[in-house]
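*Asks:* My questions will all concern the structure given below.
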Amino acid sequence: MTVVTPIGSARSAQPDTDRCTVVTAAEGVPLVTGGSVEYANLDYAASAPCLTPVADALAAALPYYASVHRGAGHHSQVSTDAYERARRSVARFLGVRAEPADAVVFVRGTTDALNLLARAVPAGCSVVVFESEHHASLLPWEHPDSRAGSVVRLPLPESPAAAVGAARAALAAAPEGPRLLCVTAASNVTGEIWPVEELVAAAHAEGARVVVDAAQYAPHLPFSLSATGADYVALSAHKLYAPFGSGVLAGRADWLREAAPYLSGGGATRLVTEHDVVWNDLPARHEAGSPNVLGAVALAAACDTLTPRVQELLHIRESALVERLRAGLAAVEGVHELSLWDEDHPRVGILSFVVDGLPADLLAAALSAEYGIGVRDGLFCAHPLTRHLLPRGHGQAVRASLGIGTTQEHVDRLVGAVADLVARGPRWEYAEADGRLVPVPDPR
């Protein structure tokens, strides 16, 4: 294995980022045209590679791996301590307010976290959500098991200010009783940053709570429940350089404490008799079964590494790369970037685009097979938003997303590859197999 370091002289100029490297394969990826090239991973928004400190923490924990909380053995006690220390690390990372006001519940990811909250809101809770949300934020409230009452889907706002006004008006018009606004912190399609603090203030003015989907924001910039005033936050470890199947729902404890356990089983119970069950308090109440100890350890290691200072430094270099990518693609004829708001609106390292005359799936396949570039194509589990932003004649888009291991060469290679493909098309033949376009033949 080798590691990919942050750009250029970051190791000497920015000592706080020294440990921010990602694990990757030493060998390059093969090309259908012959030879190989260093892999240009521009698919961080789907799953970020593993941070080296995360891999180190996992290696240190593995010899002591055991089930937690109910074991008298030494390894069980060590694992229990690691699991609960991980909870404290995540709490610090997310600016969680002190117990008993807030709780940190380990889950499988953002989708799991928001489905848990949908089952924990008070019965009949009114939920307001924008059509621009990822499906993980958009759909749980309408699931048959959700306790939500009315669900209002707001159309795509024309500006951040319009988003704040629309949210407040919808919450004010909702039936009396508990109300919840669900909003993303950064779009997984455009990378645009949403006005979370303003939305929180507007919601609180109407007596409503706010849950923030920080899956795409937290890997790039610090997020704090205390600083934003948000009531809940959800994120996934695999977006945060800890790809081991963990995630978190953190926030106000009262709704979570009063709700029935998310899953029924061991760990969630305090006492089971022939006729009754006494459920545990938080956080065990919603962590039934044997928890993902190593996933929690990995997530905590990422949180401990990505301090606010480190994230701010990394965001500076990432912003320069994003602007380089945007400018490069804008200079290629027929390329159209997808944006909801003004082109100068702040964003994280995510950019989606289409190319006239080149279907997204063909473009993504050619970028991979002929140039060693990994991107994502499709509608990105945010179908309403992506379809709204697509220019006429396009059914899908390509998404390039950047992170700690992204280099200037990766960005320039993508721009050059798109320009080549626009100028003369793919050099190889492609055919559909198992729902994707693949090179035919494939000599690799």
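*Asks:* For a protection proxy built on the mean count of beta-carbon atoms within 10 angstrom, sort 136-147, 181-192, 392-403 highest first, please. Spell out each step's value before the answer.
*Replies:* Details: 136-147: 18.2, 181-192: 26.3, 392-403: 21.2.
Final packing ranking: 181-192, 392-403, 136-147.
*Asks:* Can I ask one more? Measure nothing fancy, just the Cα-based angle from helix 196-205's long axis to the longest principal axis of the chain, in degrees from 0 to 90, nearest 10.
*Replies:* 30
*Asks:* Could you list the square roots of 5 times each eigenvalue of the Cα gyration tensor of region 67-158, that is, the equivalent ellipsoid semi-axes, sorted largest first and rounded to whole Å?
*Replies:* 34, 15, 12
*Asks:* Can you list the GluC sites (Glu not before Pro) in region 236-310 that are in a DSSP coil and have 15 or fewer other beta carbons within 10 angstrom?
*Replies:* Details: sites: Glu258, Glu274, Glu287; in loops: Glu274, Glu287.
Those that pass, being in a loop and sparsely packed, are Glu274.
*Asks:* For Glu158 paired with Asp145, estimate the spin-label separation in nm (one decimal), with each label point 7 Å from Cα along the Cα-to-Cβ line.
*Replies:* 4.2
*Asks:* Can I ask one more? Note the full-extension length gain between Ala227 and Ala260 as 0.36 nm times their separation in residues minus their Cα-Cα distance, in nm to one decimal.
*Replies:* Contour length minus the Cα-Cα distance gives 8.9 nm.
*Asks:* Angle between the Cα long axis of helix 408-424 and the longest principal axis of the chain, 0 to 90 degrees, nearest 10?
*Replies:* Compared with the principal axis, the helix lies near 50 degrees.
*Asks:* Quick one: putting +1 on the C-beta of Lys and Arg, -1 on the C-beta of Asp and Glu, what dipole do you get for the chain around its Cα centre, in Debye to the nearest 20? Let's see the in-between values first.
*Replies:* Numbers: 34 positive and 49 negative charges, 135 e Å.
Result for the chain is approximately 640 debye, rounded to the nearest 20.
*Asks:* Mind checking the dipole of region 65-305: about its Cα centre, +1 per Lys or Arg Cβ, -1 per Asp or Glu Cβ, Debye to the nearest 20?
*Replies:* 400
*Asks:* Could you tell me which residue out of Gly207, Pro155, Leu225 lies farthest along the dipole of region 65-305 toward its positive end? Charges go on the beta carbon: Lys and Arg +1, Asp and Glu -1, centred on the Cα centre.
*Replies:* It is Leu225.
*Asks:* From the phi angles alone, apply the Karplus equation (6.51, -1.76, 1.60; θ = phi - 60°) to region 425-438 and give each ³J(HN,Hα) in whole Hz, x where the residue is Gly or Pro.
*Replies:* Each residue's phi maps through the Karplus curve to give x, x, 8, 10, 8, 9, 9, 7, 8, 6, x, 10, 7, 10 Hz.
*Asks:* Counting helices only, and only those DSSP H runs with n ≥ 4, report the 222 nm mean residue ellipticity of the chain as the sum of -39,500 (n - 2.57) divided by its residues, in deg cm²/dmol to the nearest 500.
*Replies:* -10500 deg cm²/dmol
*Asks:* On to the next question. Would you mind putting 62-75, 37-50, 88-101 in packing order, based on average other-beta-carbon counts within 10 Å, highest first?
*Replies:* Packing order, densest peptide first, comes out as 37-50, 88-101, 62-75.
*Asks:* Could you give log10 I(q)/I(0) at q = 0.09, 0.13 Å⁻¹ for region 160-315, computed by the Debye formula over C-alpha point scatterers of equal weight, without solvent?
*Replies:* With no solvent term, the Cα-only Debye profile gives -0.37, -0.74.
*Asks:* Working from Cα positions, state the angle (0 to 90°, nearest 10) between the long axis of helix 52-61 and the longest principal axis of the chain.
*Replies:* 40
*Asks:* From the Cα trace of the chain, what convex hull volume per residue do you get, rounded to a whole Å³?
*Replies:* For the chain, the hull spanned by Cα atoms encloses 160 Å³ per residue.
*Asks:* Residue separation times 0.36 nm, minus the C-alpha to C-alpha distance between Ala98 and Ala60: what's the value? Please report the intermediate quantities before stating the final value.
*Replies:* Values: separation 38, 0.36 × 38 = 13.68 nm, distance 2.92 nm.
Working it through step by step, the gained length comes to 10.8 nm.
Laboratory data are not the source of any read-out in this text; all were calculated from the coordinates shown. It should be emphasised that the depicted structure is a prediction, and the values quoted were computed from it without experimental measurement. Reconstructed Cβ throughout: ideal geometry from the backbone, glycine too, with neighbour counts over all protein chains shown.
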